[in-house]
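What follows is calculated from the coordinates using simple rules that are stated; it is not laboratory data. These numbers come from a predicted model, not from an experiment. No Cβ is skipped: glycine too gets one built from the backbone with ideal geometry, and neighbour counts run over all protein chains shown.
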Amino acid sequence: MRLDDAALHAMGASQFTDDLPAPADCLFLQPVLSTLAHGLIEKLDTQAAHALPGVVKIFTAADIPGQNQVGNVATDEVLLADKEVVYHGQVLALVVAESASIARQAAALVTVDYQPLPAVFDARAADGLGLHIAPKRLFACGDVEAAFAECAWIVEGSARTGAQEHMYLETQAAIAYPLENRGLKVFSATQSPGMTQRIIARMLGLAMHQVEVDVLRLGGGFGGKEEQATPFAAMVALAALHLQRPVKLTLRRDEDCNITGKRHPYEADFKLGLDADGKILAYQVDFYQNAGAYADLSLAILERTLFHAGNAYYTPNMQVSAVSCRTHLPPNTAFRGFGGPQAMFALEAAIFKAAQAMGVEPSELQRRNLLKEGDSFYYGMPAQRCQTESSWAQAEQNFAWRQRQREIDAFNATHTLEKKAMAIMPICFGISFTATFLNQADALVHVYADGSVNVSCGAVEMGQGVKSKLVKVVAQTFGIAEQRIKIESTNTGRIANMSPTAASTGADMNGQAARMACSQIKQRLLTVAAGLLENTEVSRLSIENERVVYQGQPTDLSWNKLISQAYLARTALSAHAHYATPDVFFDRTVNKGHPFVYHVYGCASVEVTVDCLRGRYCIDRVSIVHDDGKPLDEIIDRGQIEGAVVQGLGWMTLEQVAYDAGGRLQTGKLSVYKIPDMHFAPEIDVNFLENADNPSGLLHSKAVGEPPLMYGIAVYFALTKAIQAFNPGWQADFDAPMTPERVLLALYGKNISPA
Ligand code: MTE
Ligand code: LUZ
Ligand code: MOS
């Protein structure tokens, strides 16, 4: 019987990259890290390291045969620092040894002399120095200046959100095997096998066909392995090609935290104008993104910030600017939501501030300004099958918001040292890669003579359940049992030029491609069936429950018999298909177009209780109405929604990434970096939006991976309200995360910024 990933995980039988057997001649690689944020490398002394028995070779930039370059969108990122280091934790050299512990010991013996240079860690400071990854971008519609002149209310302010550590369970890992003729087979824990293959080939001066990248599954990625698994795969590839022996690397947790980038911290300056009825007339916002030292995916993330600055609200006049600032931190990278959450937080802050100025509930302003069917987004496309108001209405009713608010008010009236509050968060998230060319996927399907089915595609399983969804789609398309179907590892030899599994599009795009490939084979099979059954027409045949059906009546032709007959008749039982998401385009000269195939909508409330003596708090409940189209798999999607919202809650509350004055990470361990645990995670009530549909999605479903993270934003505003219930004089400062320490200070009147 086929066991799905969940069953294998539960038995401890699922394999990850580090579990692949290391052959007897396998070597182990350890990166040598910069201990300075910015400086020139004057001397790199590897003598003592070399002298350690078991050390085989120490690689530096000079050993790279092709380009010392791992940049994808921009080519600004060296694999191994050469003359200059630009962040603390940057990789300078690679020690390769007979065991992992020898490699680690030897790496610690490498000494480096630096000439220190000035370093900058703050986005606004970098902006002031003109340190940008690319010129500032601007999205606009209407005329904000004219609209502000008409406003009854105008609020201005600033908002900040912090970084977030991905904390995938499986740290970065890769193993490379040399093949004949300068070929390589690389197993990498990456969300982007195609890009990993391309960048390894470029770095080694090989053709892409000489490099095979294979991924069985990841122990979580969350965006942290979209771009940043590549360097580690490149390191083992470099060593394996040179030494002609297998080479393996698995980072320790603290190393992973120190080397890799995180969610981008953002700062924003906003100005929001409303009429006397609370209708938003104009919104102007300027974002400063802390990119870290290299471009990585920062510009794509910045673009999604521009797209999501308006969230689920209609604003006739908008002006959004965003600039990516280069600092001396590890390059920040993709993280679930991809710049969207940072944008949405700023608008929620502006709405909250306006509500307080006007003396109304923030939810009143939120509700009044929800996007409506046909409203145009400021980037040109209309909101279609818009579910903002329906999600809100269903949530308001199902979760009895009014009643709950009355209960909260009653509680607060009778309790002095505990205060409760509730806040609401509507979401609208665009589905598709904003880089239009990435919206394509391939699948390769084989039906074997015994009737079992093998599916390859570009989707990487990382816990999001994409394999289970693919199995469902293939089983439905063929009309056979799920047990017959195997989803292969993700492999660049079977699927060429695959896009990353990212942007929540993995199941959607690869599922569409798999369906198309299966349909081709099924069509051939039905032609064979028509020949075998007398007096039948192909167009009236189908396969259901592993049996050929004619005009609704089961025939005696089973799947097994059909396949063996088709094989004997020399029928092609393999097919390849390519899916390109239809109707997506974007014109960057005017910043208008139809960048998303559809949007995901939803609405959530978050309720909290603050302990006003200690500053501790409890998230009591999160209640969600989520637009999932017609869900492909409700259980998987429930898990995605719960996981995403908890990740969003953590980002807003406990998770505080801190660097010291020298740019050295202070929070690279779970003992000092707090993520939500099962005690912190609230009761989560997930309802799917009723009567939802999505003709543009896979079997009418919607992508689910990222959007629900943004429901978590509400917790910031719930905590703010609870603090104000205790200390009405406290001015919200829109500076996330709202850690218990900050809550305590706010309760007693102090605003302080996270370190
Ligand atoms: N769920 C789990 N369990 N682990 C993950 O790493 N990554 C998220 C989301 N859900 C992730 C996850 C992110 S950032 C994305 S983009 C999507 O899954 C990717 O998968 P999909 O496109 O198949 O939804
Ligand atoms: N990755 C990417 C993404 O390259 N482009 C995107 O638009 C995107 N969106 C969300 C997450 N990852
Ligand atoms: Mo997800 S941030 O698109 O990997």
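Binning the alpha carbon pair distances of the range 252-367 at 10 angstrom intervals from zero yields the distribution 14, 40, 26, 14, 5, 0, expressed in whole percent. With contacts taken as Cα pairs under 8 Å at a separation of at least 6 residues, the range 321-428 carries a relative contact order of 15 percent.
The alpha carbons of the range 162-282 stretch over 74, 31, 23 Å along the principal axes, in descending order. Residues 345, 586 in ascending order of nearby Cβ atoms (within 10 Å, fewest first): 586, 345.
Assuming R0 = 56 Å, can you tell me the calculated FRET efficiency for the pair residue 179 and residue 364, based on Cβ-Cβ distance, to the nearest 0.05?
0.30
Each 10 Å bin from 0 upward holds the following percent of the Cα-Cα pairs of the range 254-297: 21, 31, 22, 16, 10, 1. Using the empirical formula 2.2 N^0.38 Å as the baseline, the Cα radius of gyration of the range 120-159 reaches a ratio of 1.70. Taking other C-beta atoms within 10 angstrom as a stand-in for reagent exposure, 671, 321, 391, 376 fall in the order 671, 376, 321, 391, fewest first. Computed over the Cα atoms of the range 5-128, the ratio of the radius of gyration to the Kirkwood radius (Rg/Rh) comes to 1.08. The GluC sites (Glu not before Pro) of the range 1-106 include none that meets both criteria, a DSSP state outside H, G, I, E and B (loop) and at most 12 other C-beta atoms within 10 angstrom of the site's C-beta.
Among 326, 367, the ranking by other beta carbons within 10 Å of each residue's beta carbon, starting with the fewest, stands as 367, 326. If you take the Cα centroid of the range 480-551 and the Cα centroid of the range 585-636, the two points sit 33 Å apart.
Dipole of the chain computed with +1 at Lys/Arg Cβ and -1 at Asp/Glu Cβ about the Cα centre; of 731, 36, 387, farthest Cα towards the positive end is 36. Projected onto its three principal axes, the C-alpha set of the range 440-580 covers 48, 27, 25 Å, listed from the longest axis down. Computed over the alpha-carbon pairs of the range 565-627, the distance histogram in 5 Å steps reads 4, 10, 9, 8, 8, 8, 9, 9, 10, 9, 7, 4, 2, 2, 1, 1 percent, short to long. Along each principal axis, taking the top coordinate minus the bottom one, the Cα set of the range 509-566 gives 38, 23, 18 Å in descending order.
Computed over the Cα atoms of the range 298-357, the ratio of the radius of gyration to the Kirkwood radius (Rg/Rh) comes to 1.03.
When the C-alpha to C-alpha distance is required to be over 18 Å, the pairs from 630/702; 279/372; 83/248; 262/592; 57/248 that qualify are 83/248; 262/592.
Hydrodynamic analysis of the range 598-711 uses the Kirkwood radius over alpha carbon pairs. Inserted into Stokes-Einstein at 37 °C and 0.692 mPa s, it gives a translational diffusion coefficient of 207 µm²/s. Take the Cα pairs of the chain, get the Kirkwood Rh, then feed it into Stokes-Einstein at 20 °C and 1.002 mPa s and tell me D in µm²/s. So the translational diffusion coefficient is about 78 µm²/s.
Full extension of the chain segment joining residue 482 with residue 254 gains 78.0 nm, where the gain is 0.36 nm per residue of separation less the Cα-Cα distance. Only Cα pairs under 8 Å and 6+ residues apart enter the sum, and on that basis the relative contact order of the chain stands at 14 percent. Its Kirkwood hydrodynamic radius, worked out from the mean inverse distance over all distinct Cα pairs, puts the range 27-93 at 13.0 Å. Multiplying each eigenvalue of the alpha-carbon gyration tensor of the range 375-432 by 5 and taking the square root yields semi-axes of 35, 13, 8 Å, largest first, rounded to whole angstroms. Each residue of the range 603-615 was assigned a 3J(HN,Hα) from its phi angle through the Karplus curve 6.51 cos²θ - 1.76 cosθ + 1.60 (θ = phi - 60°); the sequence is 8, 9, 10, 10, 10, 10, 10, 9, 7, 7, 8, 10, x Hz, with glycine and proline shown as x. Its relative contact order, with pairs defined as Cα atoms under 8 Å and 6+ residues apart, puts the range 485-625 at 16 percent. Whole Å is fine, so just give me how far the alpha carbon centre of the range 33-64 lies from that of the range 316-393. Spelled out, the Cα-based centre of one part sits 47 Å from the other. From its DSSP helices (H runs of at least four residues, each -39,500 (n - 2.57)), the chain gives a residue-normalised ellipticity at 222 nm of -9000 deg cm²/dmol. When only alpha carbons are used to place a centre, the range 207-230 and the range 110-160 end up 32 Å from one another.
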